[in-house]
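Quick notes on the structure that follows.
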Amino acid sequence: MIEHNLDRLEPFLSRIAEALSSRERKGLLTKIGQSLRRSNSARIAANVQPDGTAMVGRRPRPGSSKRGKMFRQLRQARILKVRATADQVSIGFVGQAQQVAQVHHFGQEDEVGRTRDGRTIRARYVARQLLGFHADDEAQTFEAIEKHLSRDR
């Protein structure tokens, strides 16, 4: 999902990676991933897509005027995980949240319940891009790299 916007960072990061041991690279990529997770989580909480546009709001539910925040569970660190190796970092959802996030991210159809006679109720969701790489994330990535490289050794 995020890879297409990292073209400018790749040459810079590859030069740094050559100078670090695999353990140091994994530590650096973990810090970068945590920074990206925080920024994506904040965007999800603010209902803003990575390109800066607002997410489409929820449809009104019949018989209810109460509307809670969207994606409260998805933005938690125990659900939105960072996985880092010496060569790559990935940010993604785990468990059942992965299915929910995929349906919302790509605007797919999903089961929302059952009728009294047992038939499945399905709904098509509007695409709301949850994870992505914003221009501010590039600055945060450089900041995480600088912080990692400037720490006392």
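The values are calculated or read from the model by the stated rules, or taken from the named source; none is laboratory data. Just so you know, these numbers come straight off a predicted model, no measurement behind them. For neighbour counting, all protein chains shown are included, and Cβ atoms are generated from backbone atoms with ideal geometry for every residue, glycine included. Areas reflect the complete protein model, heavy atoms only, side chains present, ligands, DNA and RNA absent. Shrake-Rupley method; radii C 1.70, N 1.55, O 1.52, S 1.80 Å.
By accessible area, using a 1.4 Å probe on protein heavy atoms only, region 1-125 has 48% of its surface on carbon and sulfur.
Here the relative contact order of the chain, from alpha carbon pairs under 8 Å that lie six or more residues apart, stands at 29 percent. The trypsin sites (Lys or Arg not before Pro) found in region 106-152 that occupy coil by DSSP, while having at most 12 further C-beta atoms within 10 Å, are 116, 119, 151.
Remark: the chain carries a charge dipole of roughly 1100 debye about the Cα centre, counting +1 on each Lys and Arg Cβ and -1 on each Asp and Glu Cβ. Note on residue 81 and residue 142: the extension gain reaches 19.9 nm, defined as 0.36 nm multiplied by sequence separation minus the Cα-Cα distance. How much net charge surrounds residue 54 when only other residues with a Cβ under 12 Å from its Cβ are counted (Lys, Arg +1; Asp, Glu -1)? Once all neighbours under 12 Å are counted, the net charge is +1. Each of 144, 32, 93 was scored by the projection of its Cα onto the charge dipole of the chain, and the greatest displacement toward the positive side belongs to 93; charges sit on the C-beta of Lys, Arg, Asp and Glu.
Using the rule -39500 (n - 2.57) for each DSSP H run of four or more residues, divided by the residues of the chain, the 222 nm mean residue ellipticity is -13500 deg cm²/dmol.
Residues of region 44-71 falling in the label zone of residue 116, defined by backbone nitrogen less than 18 Å from a point 7 Å along Cα to beta-carbon, are 62-63. With all protein chains kept in place, the per residue accessible area of the chain amounts to 68 square angstrom at a probe of 1.4 angstrom. Residue farthest toward the positive end of the dipole of the chain, with Cβ of Lys/Arg at +1 and Asp/Glu at -1: which of 47, 104, 123? Farthest towards the positive end: 123. Once C-alpha pairs closer than 8 Å and six or more residues apart are averaged by separation and normalised to the residue number of region 26-79, the relative contact order reads 37 percent.
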